[in-house]
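Note sheet for the following structure.
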Amino acid sequence: MSNHTTQRSVAIVGGGMAGTLAAIRLLRQAQTPLLIRIFDPNPELGRGLAYSTTDF
């Protein structure tokens, strides 16, 4: 019997608030090793305007 665990990979497209919080939640709930990659053109995660924002 082997105790080998397979690392799972997750790709998240969009590093805004929703993408960042999704990554955090996945990491907190992971039972096995998990690799998360967030794809976003901005260098800082979790930033940006909300869709309903009218002020710039």
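The values are calculated or read from the model by the stated rules, or taken from the named source; none is laboratory data. Everything quoted here is computed from the prediction, not taken from an experiment. Neighbour counts run over all protein chains shown; Cβ positions are idealised from the backbone, glycine included.
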**OP:** Return yes when Gly46 is of a type in the set (Gly, Ala, Ser) and on the phi > 0 side of the Ramachandran plot and no when it is not.
**Re:** yes
Original post:
Restricting the stretch 31-41 to residues that are in contact with a Lys or Arg (Cβ under 8 Å, 6 or more places away or on another chain) and within 15 Å of Ala11 (Cα to Cα), which is modelled with the lowest pLDDT?
Top reply: Pro33
Subject >> Where a residue in the stretch 30-46 is within 20 Å of His4 (Cα to Cα) and its partner, wherever it lies, is at pLDDT below 90 and of a type outside the set (Lys, Arg), with Cβ under 6 Å and at least six apart >> reply: Thr32/Thr5; Pro33/Gln7; Leu35/Gln7
Subject >> Contacts under 7 angstrom Cβ, first residue in the stretch 1-21 being more than 16 Å from Gly46 (Cα to Cα), partner surrounded by fewer than 10 Cβ atoms within 10 Å (Cβ to Cβ) and of a type in the set (Ser, Thr, Tyr), 6 or more apart >> reply: Thr5/Thr32; Arg8/Thr32
Original post:
If you check Gly48, Gly16, which single one turns out to be at pLDDT 75 or above and surrounded by 13 or more Cβ atoms within 10 Å (Cβ to Cβ)?
Top reply: Gly16
